[in-house]
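A short write-up of the structure that comes next.
The values are calculated or read from the model by the stated rules, or taken from the named source; none is laboratory data. Model, not experiment: these values are computed from the prediction. Here the Cβ is made from the backbone with ideal geometry for all residues, glycine too, and neighbour counts use every protein chain on show.
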Amino acid sequence: MAIRACLGLMILLFSSTISTALFEDQVGLSDWHQKYIGKVKHAIFHTQKTGRKRVVVSTEENVLASLDLRTGNIFWRHVLGKIDCIDQVDIALGKYVVTLSSGGSILRAWNLPDGQMIWESILQVSAPSKSLLHALANMNVGKDNLILVFGGSLIHALSSTDGQIVWRKELSTNSLEIQQVFQPRDSDIFYALGFIDSSEFVAYYVNYKNGEVLQQSKASFKSGFCGEASLSSNDVVVALDASRTYLVSISFRNGVITFQQTYIPDLIPEFSGKATLLPSKYNGILAVDIASSIVLLRVKGVNELEIIEKINYPSAISDALPFSKEQQAFAILQHDESRIHIKVKFDTDLTNEVLKETIQLDGQRGNVEKVFINNYIRTDRTHGFRVLVVMEDHSLLLVQQGEIVWTREDGLASIVDSTTSELPVEKEGVSVAEVEHSLFEWLKGHFLKLKGTLMLASPDEVAAIQAIRLKSFEKNQMTRDHNGFRKLIIVLTRAGKILALHTGDGRVVWSVLLPVLRESETCGNPFVLNVYQWQVPHHRAMHENPSVLVIGRCGHNFDAPGIFSIVDAYTGKVHNSLVLEHSVRHVMPLPLTDSTEQHLHIVIDDNLHAHLYPKTSDAVKIFLDEMPNVFWYSVEVGKNIIKGYSLEIKGELDMAENVFQPKELWSIVFPSESETIALTATRKMNEIVHTQAKIVADQDVMYKYISKNILFVATVAPKASGEIGSATPEEAWLYAYLIDTVSGRILHRVSHQGAQGPIHAVVSENWVVYHYFNLRAHRHEMSVIEIYDQSREDNKDVWKLVLGKHNLTAPISSYSKPDVTVKSQSYFFIHSVKSMAVTATAKGITSKQLLIGTIGDQVLALDKRFLDPRRSANPTQSEKEEGIIPLTDSLPIVPQSYVTHALQVEGLRGIVTTPAKLESTTLVFSYGVDLFFTRIAPSRTYDSLTEDFSYALLLLTIVALVAALLVTWALSERKELREKWR
Amino acid sequence: MRSSAALFNPPLLLLLPLLLFSHLLNRAIAADLRSGDGYTIAGRVKLGATAKESGLPAKLTNIKVILNGGQSISFAKADGYFSFHNVPAGTHLIEVAALGYFFSPVRVDISARNPGKIQAALTENKRVLYELILEPLREEQYYEKREPFSIMSLMKSPMGLMMGFMLLVMFVMPKLMENIDPEEMRRAQEEMRTQGVPSLSSLLPRSN
């Protein structure tokens, strides 16, 4: 009885805590979070004051951030909206960061120390045009400085303290583009120079106090300008003509405009092609980028240009840094294999270098793309220079005194795709000393932990415990572990760099900038697509390393030739790399491997021909056996058609080419006047389903319809295909389809009136969950569809089983007409969703959780049980026992079930789940601008002791029990002796 | 369609507590910005009431206000004011992303027929907002609270249960045994000895 009671109590205790939440001191034990900013576009140093030295940057990921110059850490950061691109950044009043965004229509000021937005101003823009921000440096102290914004023909002058528009001026009705603005020292006027219709040069002299145009001069130039101009002195501007082969010097002294053309080949004999002016503001010096090098020219008056220096590629040149009243400094960076030479020069004296340094760089960063220069005063009162370098792989370096002070791997802010790889198996033979040491450490750790749980530890010891847990040597090893927690995450970034991250602490194990994905003559505009597992050696073939396949494309068009590269997953060594002869439209990894365990992949090109990789006769032989079972489909979003294909061989198969022709099997055309395809989703190829049967209440069985060929398609009304707020409930609807991709049969179709996108969906086992917006209720909604196989229902009859009349052994085929039933239900969900995924475990036994990336950049784990279509308002007793939750109209959000806990994955774009070896556990990797990795156990870690398990307490208990046993034994002996004496 | 829209002129009584901010309020809510087409939605995020309870200073540096699921993002100023510009007429959704707080999304209707009229309501509890002041419904705790050490928690742990059970057996069982007839007991013990089955009773102190 007592045992039963105890057992009952224990079960109660275990089952009462189903939440998988985290304690605050567990942060960082199994998760890591990395913050990035992306490729830097603009950088402004703020080092004048004695306080913290910082640099403010804006990036291609639309991030505005303030970085610590000493360490490269982020002080603060803001991720702006997708369409709210930052055009320019400046510092005003020495305390505000001013950003101009959304094509010159939004001007914001941010507080420099903490990033708080101070003011925001909306400006009118006439037409999408290049906009220019200019913070006027007013010499009069105490006066409010003005910020000038040029957008098209409009000039806005805003007060930098509160963002109020002081004056506004419309300069010209034609398409004016202001190129340069400058302010002569100690004067109330500024010059605005620009082009009208790219053929007329115009100079305005404007009073900055009220915007009054004091003087205006125009002159037209017959061959036109290409839209760039460089100011070289107070009265000369140099521009390129429309053909980019003539340099045009424009003098505008005293309102008189004169042009002077110079044919570039006359100046630079080896020039061919097209030149570009580098945006720089040097006194009397011009930087021209010709295809092979950067040429510095001195402008001597209007009609004389002189070559000063030619800097061969690859190199980069910085903007000018005002150094003293007369001098400006600039930096030139030049590559010499893996070294970079940094030269800093003054524009007054170009022959001598102020500073000459050489830094050594690892070869995986590519060329220098951008340089920003800043000066500082050394302790001995001399001037030093530091440069901020943006590399081809989007990483950021700070170089000072010939050394790299810090680097930021900011390419990781733009991950395109990822995959995982197992680590190598541990080698045999571990030294005894090591074991002894680790045993001692282990015991010490556990005793400290025990002290912690018993609240006996001093603050120092608490800190020590935390350090031990975080540093845990075990999780960072470079070998495979029992539980499969240690893996390599192989990520592909937009810059064409592949990095392997360790799941233990997120460090970069290796990185490689793929040479084939860099801009070259054969491949003009390389563009990365996907990364796949190429070769996963069998666990006995240990001498071989696994490898991954990287697919790219030369250019953004579908017909551009593909790029194919195989990279070793342990070392990053590039095994094979080539530009394909055909284009790449889809890549299908097949569940087949050849004799060397390379995965077979089918690449569909733009003409729908299928190319088999690897290109070996062995692979073809294996594939030919399976070819009748290979089906694929293509979704043509613009045409509203989904087509299904199989493969066939026309004529003789060329063994060297391995090209197969498509054979159209079916097509589904959606009526374009009422539906447009918004989203398609399929099951993950490698998902494992434990059982087809689902035991429901009353010992009943339902059979899941499990097919790898289910395609979920969501279509919306064409009027409602935009954002929320663009359509009324009457003109919006959403259709959800479940399509078998082999036969093209529509298994199920459901409509949601008054619903619209954006839609996010996840398909797993026999269910689909999708998220959309319900315009009627004006709330987000999530729906679930579950499909059950009706044809197997009869198998429940025991007599049929006994008589052998069951169809359990009948193969499941997409050809046979499926007899399915569908259950579905919808619920409200509070947040907008950015991304959705589902947990995956090794054997598929563990229950599932949905991982929802919310609009607040957090990842929420939601139990699939909340999305069970069998939920009802009043579940019966047996249903309750089965674990069915009473129906509520909205899905609950428990703050403790955020897997990202108190962190945000800024700019969240994707969530990837990978099963660990331990059945209960899933590894979750979410990426965006930030990276976050953790492991979660949807049904708690029922198959392993948690980190928190106190071995010391267990030992103590055993010792206490043995002691008690001995004491009672002794007592009983004595008692017995006394009895006998009596 | 150049116009700006004030969000429902607030009744004077409601405005009274806000008089301190009235100059700001006028600017933020009834700002007259003739820029582009469409309307301006302006409002304020307030953390004050709930933040006081926890004693944490209300931090507004990293609060984002999101229109229509990411169509545009606005940031709150130091005093909590935010605005969206050039918003077309229609029904829109505003969400607030602030770590540590739970905000209900807000449905905002901008009337096309009646220019300048904006209505707002929380979608979670259908509460109509007369002013676009967004306050968190609750604070969010992302971590489980670790309970301080107690005898009960130790008892509840598997080891504690094991010990408890052992103690129970050790002290209660002999008491139970005492009630058994000594003759019967001896017979049972002998029976077991002959069978040679190790049993619990052999470990127990013999009562007589």
Selection status of A:ASP857, out of contact with any strand residue (DSSP E or B) (no Cβ under 6 Å at 6 or more places or on another chain) and within 14 Å of chain B (Cβ to nearest Cβ): yes
Set A:LEU412, A:LEU397, A:LEU355: member being at pLDDT below 85, in contact with a strand residue (DSSP E or B) (Cβ under 8 Å, 6 or more places away or on another chain) and of a type in the set (A, V, I, L, M): A:LEU355
The listed residue being exposed (fewer than 13 other Cβ atoms within 10 Å of the Cβ) and within 19 Å of A:GLU177 (Cβ to Cβ), out of A:SER198, A:SER243, A:SER230: A:SER243
Flag if A:LEU388 is within 30 Å of A:GLU544 (Cα to Cα), buried (at least 16 other Cβ atoms within 10 Å of the Cβ) and of a type outside the set (Val, Ile, Thr): no
The range A:95-122: number of residues that are surrounded by fewer than 22 Cβ atoms within 10 Å (Cβ to Cβ), away from chain B (no Cβ under 11 Å) and either within 16 Å of B:SER72 (Cα to Cα) or in contact with a Ser or Thr (Cβ under 6 Å, 6 or more places away or on another chain) (or both): 1
Conditions (1) at pLDDT 85 or above; (2) touching a helix residue (DSSP H, G or I) at 6+ places or on another chain (Cβ under 7 Å); (3) facing chain A (nearest Cβ under 7 Å): number failed by B:PRO136: (3)
Selected residue (criterion: surrounded by the fewest Cβ atoms within 10 Å (Cβ to Cβ)) from residues of the range A:862-914 that are more than 23 Å from A:HIS760 (Cα to Cα) and β-branched (Val, Ile, Thr): A:THR876
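For the structure I just gave you, tell me whether B:PRO115 is assigned to a loop (DSSP other than H, G, I, E, B), on the phi < 0 side of the Ramachandran plot and in contact with a strand residue (DSSP E or B) (Cβ under 7 Å, 6 or more places away or on another chain).
The answer is no for B:PRO115.
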Given (1) at pLDDT below 90; (2) within 14 Å of chain B (Cβ to nearest Cβ); (3) closer than 23 Å to A:ILE785 by Cα, index of the condition A:ILE884 fails: (2)
Filter pass, A:SER30 being surrounded by 18 or more Cβ atoms within 10 Å (Cβ to Cβ), modelled with pLDDT under 90 and part of a loop (DSSP other than H, G, I, E, B): yes
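Across the range A:718-736, what is the number of residues that are away from every other protein chain (no Cβ under 14 Å) and surrounded by 23 or more Cβ atoms within 10 Å (Cβ to Cβ)?
The total comes to 2.
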Qualifying positions in the range A:623-651 - surrounded by fewer than 16 Cβ atoms within 10 Å (Cβ to Cβ), under 16 Å from A:ASN607 (Cα atoms) and over 32 Å from the mean Cα position of the chain (by Cα): A:GLU648, A:ILE649, A:LYS650
Residue in the range A:288-319 that is surrounded by the fewest Cβ atoms within 10 Å (Cβ to Cβ), counting only those that are modelled with pLDDT of 80 or more and not in a strand (DSSP E or B): A:ASP319
Hits in the range A:919-941 (condition: over 15 Å from A:ILE415 (Cβ atoms) and assigned to a loop (DSSP other than H, G, I, E, B)): A:GLU919, A:SER920, A:THR921, A:ALA937, A:PRO938, A:SER939, A:ARG940, A:THR941
Among residues of the range B:86-98, those that are without any contact (Cβ under 8 Å) to a residue 40 or more places away in the chain and either more than 10 Å from chain A (Cβ to nearest Cβ) or not acidic (Asp, Glu) (or both), counted: 4
A:ALA952 in a helix (DSSP H, G or I), modelled with pLDDT of 80 or more, surrounded by 12 or more Cβ atoms within 10 Å (Cβ to Cβ) and within 11 Å of chain B (Cβ to nearest Cβ): no
Close pairs (8 angstrom Cβ cut-off, 6 or more residues apart or separate chains): small (Gly, Ala, Ser) in the range A:613-627, outside any helix (DSSP H, G or I) anywhere: A:SER617/A:MET655; A:ALA619/A:ASP594; A:ALA619/A:GLN598; A:ALA619/A:LEU600; A:ALA619/A:LEU612; A:ALA619/A:TYR613; A:ALA619/A:ASN658
Where A:GLY910 falls short, out of the listed (1) away from chain B (no Cβ under 13 Å); (2) more than 40 Å from the chain's Cα centre (by Cα): (2)
Checking A:GLY194 against (1) at pLDDT 85 or above; (2) under 23 Å from A:GLU304 (Cα atoms); (3) not charged (D, E, K, R), the condition it does not meet: (1)
Qualifying residue in the range A:731-749 (condition: among the aliphatic types (A, V, I, L, M), within 30 Å of A:LYS843 (Cβ to Cβ) and within 27 Å of the chain's Cα centre (by Cα)): no
Which listed residue, of A:VAL833, A:VAL822, is under 26 Å from A:TYR770 (Cα atoms), more than 14 Å from chain B (Cβ to nearest Cβ) and modelled with pLDDT of 90 or more: A:VAL822
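So if I check each of B:ARG186, B:ARG206, which one is within 11 Å of chain A (Cβ to nearest Cβ) and either modelled with pLDDT under 70 or loosely packed, with under 15 Cβ neighbours inside 10 Å (or both)?
It is B:ARG206.
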For A:SER972: the one exception among (1) under 20 Å from B:GLY160 (Cβ atoms); (2) of a type in the set (Ser, Thr, Tyr); (3) assigned to a helix (DSSP H, G or I): (1)
